[in-house]
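Let me begin by presenting the structure, written as structure tokens, before commenting on it.
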Amino acid sequence: MKHAYLKTQPDEKGYFGEYGGAFLPPQLVEEFERITEAYLKLRKSHEFLSELRRIRKHYQGRPTPVYHAKRLSDAIGGAQLYFKREDLNHTGAHKLNHCMAEALLAKSMGKTKLIAETGAGQHGVALATACAYFGLECEIHMGEVDIEKEHPNVVRMKILGAKVVPATHGLRTLKEAVDSAFEAYLGQLDTAMYAIGSVVGPHPFPLMVRDFQSVVGLEAREQFEEMTGELPDHVVACVGGGSNAMGIFSGFIDDPVELYAVEPLGKGTRLGDHAATLEYGKEGVLHGFKSILLQTEAGDPAPVHSIASGLDYPGVGPEHAYLHDIGRVHVRSATDEETVDAFYAISQYEGIIPALESSHAIAYAMKLAKDVPHDAILVNLSGRGDKDIDYVVDTFGVREWRPEA
Ligand SMILES: *Cc1c(COP(=O)(O)O)cnc(C)c1O
């Protein structure tokens, strides 16, 4: 069976093994059932799929290329590195792949508005873009602290016509933005849909977002085979919630290809210094789904740290917890320092400034390359680094990257 894995996971209740499901307040149960029913129909609809294909080609600029990073590969002196260039997707990252599809779903359901939370603003900007395209209202909830920190993305959302609602309670960051957005959603169930930004949240979002992102892996598999006549030996992606990783893994999951999920190890292994959820977390329920979570002794979501704001999340998509448990995906990590090193390596040896999130995946791939010198490694370059340049230079200075002798 073609795509056997994708067709059989998750089960009809949204479980990947023991992870996933939908843990919802009673007022939302019916709404999520409606979304599930609508999606399961649209998933097989020729019209929906061909409209998505048209948008991807003519608006987003897909397919994005697969690129052989020959100069960097030669400098490292190991395996050949290839990048799937999601930085060249419209708006500069993979996130628009699921935002456009979520907006098309909302529109098909007769909704006129999308609501979401955003941390650093990347999901907010991608969603505001999709809303502008479809003529939907857009309401983005964001912690007051983040609004101050992420000024350029706040401005982008406003230019794109979105309403940015500050979350003013508690620590005034991502968690409070989620609370605030859900509260607003409860009052507008007739007209609005909540658009989740990764393969997380209650069923059907981990399934839908994975399906919407699978275009990354399906394209890459075909492109890689056309370029080299073979499949890559290894596929590497960074994991925050896990959407870009599930996207690229989807193309190779039924193949004899090693898959690696790279988590941010931040400043080190102490709780609070990293966001390496799969490696250091344990089972729990957060934001409406069961997965592996970084938790304090008391069982609350733990504080997390990463220089990449898109990876700064104490949970992870349930499908990653499952794939880790069954041993299909290897879980690895990269520290802040290794990540900055990779950031400069790609910039100076390939002329591509990568997002700090993607730089985690590249940092691990550069290590792996030395261990498997005859292999080919495909890395998902999930986004471009324009958003990170001021932070990197102010915090770490401009560095010159040189391969180890
Ligand atoms: C948001 C983001 C990520 C992390 O999100 P996932 O759902 O884990 O993919 C990774 N890379 C970039 C460029 C991002 O913007």
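Being touching a Gly at 6+ places or on another chain (Cβ under 9 Å), in the same structural domain as Arg34 (by TED's automatic domain parsing) and within 16 Å of the ligand (Cβ to nearest atom) is not true of Asp179. Under the condition of being at positive phi and either within 11 Å of the ligand (Cβ to nearest atom) or touching a Gly at 6+ places or on another chain (Cβ under 9 Å) (or both), the residues counted in region 220-239 number 0.
Only one entry in Leu104, Leu96, Leu49, Leu81 is more than 26 Å from His234 (Cβ to Cβ), touching a Ser or Thr at 6+ places or on another chain (Cβ under 9 Å) and aliphatic (A, V, I, L, M), namely Leu96.
Condition check: out of contact with any Cys (no Cβ under 7 Å at 6 or more places or on another chain), buried (at least 20 other Cβ atoms within 10 Å of the Cβ) and touching a residue at least 60 places away in the same chain (Cβ under 8 Å). Does Leu105 satisfy that? For Leu105, the condition - out of contact with any Cys (no Cβ under 7 Å at 6 or more places or on another chain), buried (at least 20 other Cβ atoms within 10 Å of the Cβ) and touching a residue at least 60 places away in the same chain (Cβ under 8 Å) - is met. For region 240-252, which positions are within 16 Å of Tyr5 (Cβ to Cβ) and within 16 Å of the ligand (Cβ to nearest atom)? Result: Gly242, Ala245, Met246, Gly247, Ile248, Phe249, Ser250, Gly251.
When Ala128 is tested against (1) modelled with pLDDT of 95 or more; (2) out of contact with any Asp or Glu (no Cβ under 9 Å at 6 or more places or on another chain); (3) away from the ligand (no atom under 16 Å from the Cβ), just one condition goes unmet, and that condition is (3). Being among the small types (Gly, Ala, Ser), farther than 25 Å from Asp386 by Cα, open to solvent by less than 10 Å² (accessible area, probe 1.4 Å) and not assigned by TED's automatic domain parsing to the domain that holds Thr36, is that true of even one residue in region 79-86? Among the residues of region 79-86, at least one is among the small types (Gly, Ala, Ser), farther than 25 Å from Asp386 by Cα, open to solvent by less than 10 Å² (accessible area, probe 1.4 Å) and not assigned by TED's automatic domain parsing to the domain that holds Thr36, which makes the answer yes.
Residue count for region 154-169 satisfying the condition of being in contact with a strand residue (DSSP E or B) (Cβ under 9 Å, 6 or more places away or on another chain) and touching a residue at least 24 places away in the same chain (Cβ under 8 Å): 11. Taking the conditions (1) away from the ligand (no atom under 16 Å from the Cβ); (2) outside the structural domain of Arg384 (by TED's automatic domain parsing); (3) of a type outside the set (Lys, Arg) in turn, Thr118 satisfies each one other than (1). The set of residues from region 38-63 being outside any helix (DSSP H, G or I), open to solvent by less than 40 Å² (accessible area, probe 1.4 Å) and of a type in the set (D, E, K, R) comprises just one member, Arg62. For region 204-316, the helices (runs of 4 or more DSSP H) that sit wholly inside it and include 2 or more residues that are in contact (Cβ under 8 Å) with a residue 60 or more places away in the chain and open to solvent by 30 Å² or more (accessible area, probe 1.4 Å) are 205-228.
The values are calculated or read from the model by the stated rules, or taken from the named source; none is laboratory data. Source: prediction; values computed, not measured. Methodologically, a virtual Cβ is constructed for each residue, glycine included, from the backbone with ideal geometry; neighbour enumeration extends over all protein chains shown. Just so you know, the surface numbers come from the protein's heavy atoms only, side chains and all, with ligands and any DNA or RNA stripped out. Shrake-Rupley method; radii C 1.70, N 1.55, O 1.52, S 1.80 Å.
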